[in-house]
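Report on the following structure.
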Amino acid sequence: MPELPLFLKWFAGVLGVGSVFVWAMAGIRLRHRLPILEPAGGRPPDMHWLPLALTLTWVGLNLLTVFSAPVRAGDPPARHDILEMVQIQLVLLAGCGLPLLLQKTVPAREYGFHLQDPGGQASDGALGFLASVIPVVLFWLATVPWRTDENQHGLLRLLSEDRSIETLLLVVLLAAVLAPLVEELMYRVVLQTALEKLAHPREAMLVVAVIFSAMHQLPDAIPLFPLALILGYVYQQRRSYLTVVLIHMLFNGTNLLFMILTQELN
């Protein structure tokens, strides 16, 4: 493993200290029998049939792929594959988001689409991201013996082979912008909300976390599970799409940054 530059060590140290602080504060609240996050209140809204049907179809098709190949393998995507993925993500974003925003029976804010207290939503997003650091790193370390170049994430493998600016921008757009927007819309806003109408909120959160992590295939599915639980809990308590998207963006962006910088050292 290459020696990391000092600034990267400092950055990792700051994230680690921040994560310890967040979990310490959470432990204090639990000790006083207080929720880690105060709930926003209210019952989960009814889900529009179109986003739900689109999400279930997309999840079902991808789960079939996961069941047939639970461990990631194969060649990394080419640049034209990334362009195709971007187009698909935009279609999913519009197909799931527009019906929720445009319908008149349920206010959009009940799904989490609002800008009330943007500073508070941003703060919750930053704290949620920091909370994910320690558990994700610990779970990632547990999977190190099974990690190979072949089962590394395809986007990271692509960047190791093609270091052009165009490819980098496409990967950042897909992984750090569109993926958080689409995945939080489909998994938390649509799927978790729909399941909360059928089961206990904690059960709905757990089921969605398992599905979300499994969709990323092994070995990444294991360290992504605690992240999925944090995202589900934050959305359940806050009902803020902006907050969970920010957590996801910070996580993907930071992970991408570390991977790019460490690859540059090889």
Report summary line: Taking 0.36 nm per residue of separation between Leu141 and Leu34 and subtracting their Cα-Cα distance, the length gained on full extension comes to 35.4 nm
Requested in this report: Quickly work out the Ser160-to-Phe11 label distance, labels modelled 7 Å from Cα along the C-beta direction, and quote it in nm with one decimal.
Outcome: 1.9 nm
Report task. With unit charges on the beta carbon (Lys/Arg positive, Asp/Glu negative), name the residue among Trp23, Ala73, Leu54 whose Cα is farthest towards the positive pole of the charge dipole of the chain. Result -> Trp23
Requested in this report: With a 10 Å radius around each residue's Cβ, average the other Cβ atoms per peptide and rank 83-90, 121-128, highest first.
Outcome: 121-128, 83-90
Requested in this report: Kyte-Doolittle cut-off 1.0, length cut-off 18 Å along the helix's own axis using Cα: show which whole DSSP H helices in the chain pass.
Outcome: 6-31, 49-68, 79-102, 118-143, 201-214, 241-264
Query raised in the report: So, in nm, how far is label Trp23 from label Ile88 when the simple model puts each one 7 Å beyond its Cα toward the Cβ?
Result: 3.5 nm
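Run the dipole for the chain about the Cα centre, Lys and Arg Cβ at +1, Asp and Glu Cβ at -1, nothing else charged, and hand back the magnitude in debye, nearest 20.
Computed charge dipole of the chain: roughly 940 debye.
Values quoted throughout were computed directly from the atomic coordinates according to the rules given, and no laboratory measurement underlies them. These numbers come from a predicted model, not from an experiment. Reconstructed Cβ throughout: ideal geometry from the backbone, glycine too, with neighbour counts over all protein chains shown.
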